[in-house]
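The values are calculated or read from the model by the stated rules, or taken from the named source; none is laboratory data. Here the structure is a predicted model, which is why all the values come from computation and not from measurement. Note that we place each Cβ from the backbone using ideal geometry, even for glycine, and neighbour counts take in every protein chain shown. These area figures cover heavy atoms from the full protein model, side chains too; ligands, DNA and RNA do not enter into them. Shrake-Rupley method; radii C 1.70, N 1.55, O 1.52, S 1.80 Å.
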Amino acid sequence: MMRASWWCCCLAAVLCAALPAAAGHSPGDAGRVVLQLKWKHQFQFAGYYVAKEKGFYTDAGFAVEIREAQEGVDPVDSVLKGEADFGIGASELALMRGQGRPVVALAVILQHSPLVLIARGGGVKSVHDLDGKRIMLLPQETELYAYLEREKLPRSRITEVPHTFAVDDLVKGRVEALSGYSTDEPFVLKKLGVPYSLFSPRSAGIDFYGDTLFTSQQLARDNPQRAAAFRDASLRGWQYAMDHPEEVADLILARYSKRHRREHLLFEAEEMRRLMQPHLISIGHINPGRWRSIADVYVESGMLPAKYDLGGFVFEDRSTPDYTRFYRALVAVLLVAVLAALIAWRQAVFNRRLRREVARRTEVEAELREVNGRLEQQLGEIQELQSQLREQALRDKLTGLYNRRYFDEALDRALALARRQRYPLSLVLIDIDRFKDLNDSYGHQAGDAVLQSLAAHLLDNRRAGDLVCRWGGEEFVVVMPHTPLAGAMQRAGYWRESFARQAFLFGGNTVRVTLSAGVATSPGAGDTDDELLRAADLALYRAKSSGRNRIEAAEDKEGGRDETQVND
């Protein structure tokens with residue numbers, strides 16, 4: 001027992017020494033900072049407005065000035081010259097870092113870039129129809145230049161026109177196409193009733209990041225606590241903004257800008273949600289490997305040398321000292337102390353019990369048999385409960401369909417079997433059109449009823465061997481082994497047409513609901529689960545962008561697309 005006391009004294013001394021060292025750093029002295037935006041006030045920067053107005057920046061010790069973009073002001077130049085502490089940039093940040101400019105990425109807000117080429121509908125059906133045409137572009141839109149290079153349409157074959165940021169130039173035919181954001185200009189064109197086409201670099205395999213919060217290498221190196229605190233407060237603001245888009249739209253109109261109407265701001269919020277994918281990826285997540293892939297595209301386009309350096313580009317939070325080795329040593333000390341006390345206690349107990357062991361042996365054996373019987377019964381109950389819990393974990397509670405977790409594993413197995421046995425496998429990604437409007441008009445119970453009805457409809461009309469899962473929200477996915485693209489398109493078209501004929505009665509109103517879907521087939525559109533899902537998602541995006549209530553086929557990996565489509 002004296003040894004156990006000695007160990008306790010040692011442990012107390014170690015803990016006392018550790019407490020001062022573990023004290024954290026407070027960013028309370030961070031003071032006033034400037035955030036330079038890349039464009040005018042709108043929902044694109046909602047998270048920063050929320051962080052300021054809700055006091056998240058104040059809680060972190062900042063007094064923040066948010067500067068709207070001005071003509072001739074580049075956020076990167078502002079940050080590197082010390083005119084601003086933080087800025088908002090796009091994937092050209094990787095190009096600038098590869099060229100030696102000391103910028104550091106803190107957080108990625110949009111996992112997919114909203115930057116697109118917008119052409120007026122009619123004569124322009126593919127990006128190659130822009131050969132020799134007038135296009136409004138900005139010099140920093142390097143993503144689009146890389147896209148045109150990959151599509152064999154270099155700058156020498158187009159007529160670049162200075163950007164006026166006026167959609168009216170496209171409507172009145174002054175240019176054949178202009179660069180814009182899928183979150184912004186399409187809303188204006190839809191309101192004007194002007195047909196248009198969107199050409200995204202993602203269709204050519206160029207999947208860049210969108211808006212990124214960045215700072216200078218000097219600030220990130222000299223005061224990492226300040227950089228981390230500003231990033232974390234900003235991400236709190238973004239999470240709130242995406243959870244309360246209508247409240248934040250009212251905030252923007254009241255405090256920042258009336259340039260866009262409330263309806264426009266909410267359109268922007270919904271499209272940003274699709275590009276952020278907050279239900280799949282944490283807001284702000286950065287993948288260093290993806291930045292290297294972005295830089296490789298710039299190398300392919302001749303904008304970067306083959307031997308570029310992105311070292312230090314992605315921020316590493318070192319604001320908290322690394323106590324890993326200390327904690328490991330502390331755990332070892334604790335384990336030794338506990339072991340010593342346990343040995344001393346066990347020895348004393350053993351000495352007392354040894355004298356009674358012979359007399360109690362028969363009684364103990366009987367008790368053990370009883371205990372073993374109870375344990376076997378409990379083990380059986382536990383195994384049955386585990387089986388039930390595993391099944392519940394793989395099922396969507398509302399629809400009873402298999403969930404995303406089960407789908408990811410099943411798709412991987414199905415693709416592997418299809419490759420071995422060399423048969424086609426199709427993937428259908430289905431989305432309920434205007435589901436948010438349905439919820440807003442008739443309530444979430446109505447939305448739940450539609451989700452359950454669609455789940456039952458898909459189950460009742462599937463083939464043996466097809467797998468139906470709820471992908472998430474209002475999206476469903478069907479895996480169809482032994483099914484070529486034409487067969488999958490025909491089947492998806494039947495689901496769309498038959499479901500559209502169903503009538504729902506909500507609040508005394510008869511409501512009909514339509515579907516949009518994207519279909520991708522392996523081989524062709526992709527050989528891996530990621531490729532196939534990405535192809536189906538892009539096809540679904542085209543279906544939604546083309547007016548909804550449509551079925552679109554995915555492009556194959558060679559850049560072509562089966563022109564088969566099913567729509568009203």
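Tally Lys and Arg at +1 and Asp and Glu at -1 over the other residues with C-beta under 13 Å from the C-beta of L130: what net charge comes out?
On the way: positive: R120, K125, K133, R134, K152, R155, R157; negative: D129, D131, E151, E160, E176.
For residues surrounding L130, the net value is +2.
Please calculate how many Å² of accessible area the chain carries per residue, with a 1.4 Å probe and no DNA, RNA or ligand atoms counted.
Computed with neighbouring chains in place, this is 51 Å² per residue.
Provide the per-residue ³J(HN,Hα) series for region 219-226, in order, calculated from phi with Karplus coefficients 6.51, -1.76, 1.60 and θ = phi - 60°, each as a whole number of Hz, with x at glycine and proline positions.
5, 5, 7, 7, 9, x, 4, 5
Specify the inter-centroid distance of region 182-256 and region 407-441, based on alpha-carbon positions, in whole Å.
28 Å
Taking the highest mean first, how do the peptides 219-230, 124-135 order by number of other beta carbon atoms within 10 angstrom per residue?
219-230, 124-135
Going highest first, how would you order 78-89, 193-204, 402-413 by mean Cβ packing within 10 Å? Walk me through the numbers on the way to the answer.
Numbers: 78-89: 20.2, 193-204: 18.1, 402-413: 16.0.
Packing proxy ranking, top to bottom: 78-89, 193-204, 402-413.
To check my understanding: the extent here is largest minus smallest coordinate of the Cα atoms along each principal axis. What are those three numbers for the chain, in Å, largest first?
If we take the Cα atoms of the chain, the spans are 103, 64, 54 Å.
Around N461, under 13 Å between beta carbons, what's the net of Lys plus Arg minus Asp minus Glu among the other residues? Numbers along the way, then the final one.
On the way: positive: R462, R463, R491, R496, R501; negative: D460, D466, E497.
Taking every Cβ under 13 Å from that of N461, the sum is +2.
Counting only helical runs of four or more DSSP H residues, what would the 222 nm mean residue ellipticity of the chain come to if each run contributes -39,500 (n - 2.57) and the total is spread over all its residues?
Estimated from H runs of four or more residues: -15500 deg cm²/dmol.
What FRET efficiency do you get for A359 and E381 if R0 is 30 Å and r is their Cβ-Cβ distance, rounded to the nearest 0.05?
With a Förster radius of 30 Å, E is 0.30.
What are the ³J(HN,Hα) values, in whole Hz, obtained from phi via the Karplus relation 6.51 cos²θ - 1.76 cosθ + 1.60 with θ = phi - 60°, for each residue of region 138-152 in sequence order, with x given for Gly and Pro?
Coupling constants for region 138-152: 10, x, 7, 7, 4, 4, 6, 5, 5, 4, 5, 4, 5, 7, 6 Hz.
Order 333-340, 511-518 from most to least packed using the mean count of other Cβ atoms within 10 Å.
511-518, 333-340
Between the helical axis of 404-421 and the dominant principal axis of the chain, each derived from Cα atoms, what acute angle in degrees is found, rounded to the nearest 10?
70 degrees
With the cut-off at 1.5 for a/c, could you classify region 119-224 from its C-alpha gyration tensor as rounded, prolate or oblate? The partial results should precede the final answer.
Details: a/c = 2.19, a/b = 1.67, b/c = 1.31.
Prolate, since a/c reaches 1.5 and a/b exceeds b/c.
According to the square roots a ≥ b ≥ c of the eigenvalues of the Cα gyration tensor, what is the shape class of region 424-465, taking rounded for a/c under 1.5, prolate for a/b larger than b/c otherwise, and oblate for the remainder?
Oblate, because a/c is 1.5 or more while a/b does not exceed b/c.
Compute the helix-to-body angle for 288-300: its Cα long axis versus the longest principal axis of the chain, expressed 0 to 90° and rounded to tens.
30 degrees
Would you mind working out the magnitude of the charge dipole of the chain relative to its Cα centre, with +1 at each Lys and Arg C-beta and -1 at each Asp and Glu C-beta, to the nearest 20 Debye?
Dipole size: approximately 1200 debye.
Under 11 Å from the Cβ of F313, count the other residues' Cβ atoms, weight Lys and Arg +1, Asp and Glu -1, and hand me the total.
Net of charged neighbours comes to +1.
Relative to the longest principal axis of the C-alpha atoms of the chain, give the angle of the C-alpha long axis of helix 529-545, reported between 0 and 90° and rounded to the nearest 10°.
40 degrees
For region 398-454, evaluate the Debye formula with one uniform point scatterer on each Cα (no solvent term) and list log10 I(q)/I(0) at q = 0.22, 0.24 Å⁻¹, rounded to two decimals.
Rounded to two decimals, the profile gives -0.90, -0.98.
Would you mind telling me the share, in percent, of accessible area of the chain contributed by carbon and sulfur at probe 1.4 angstrom?
On the way: 15080 of 29170 Å².
Here carbon and sulfur together make up 52 percent of the probe-accessible area.
If r is the Cβ-Cβ distance from N461 to E160 and R0 is 60 Å, what FRET efficiency results, to the nearest 0.05?
0.75
For the charge dipole of region 220-338, defined by +1 on Lys and Arg C-beta atoms and -1 on Asp and Glu C-beta atoms about the Cα centroid, which residue among A249, L275, G289 has the Cα displaced farthest towards the positive pole?
Toward the positive end, the furthest listed residue is G289.
For region 482-557, state what percent of all Cα-Cα pairs lands in each successive 5 Å bin, counting from 0 Å until the bin that includes the largest distance.
3, 17, 21, 21, 16, 9, 6, 4, 2, 1
Taking the Cα centroid of region 128-142 and of region 481-530, what is the distance between the two, rounded to the nearest whole Å?
Their Cα centres are 35 Å away from one another.
Can you tell me the Rg and the Dmax, both Å, for the Cα atoms in region 38-136?
Radius of gyration, then largest Cα-Cα span, for region 38-136: 17.6, 55 Å.
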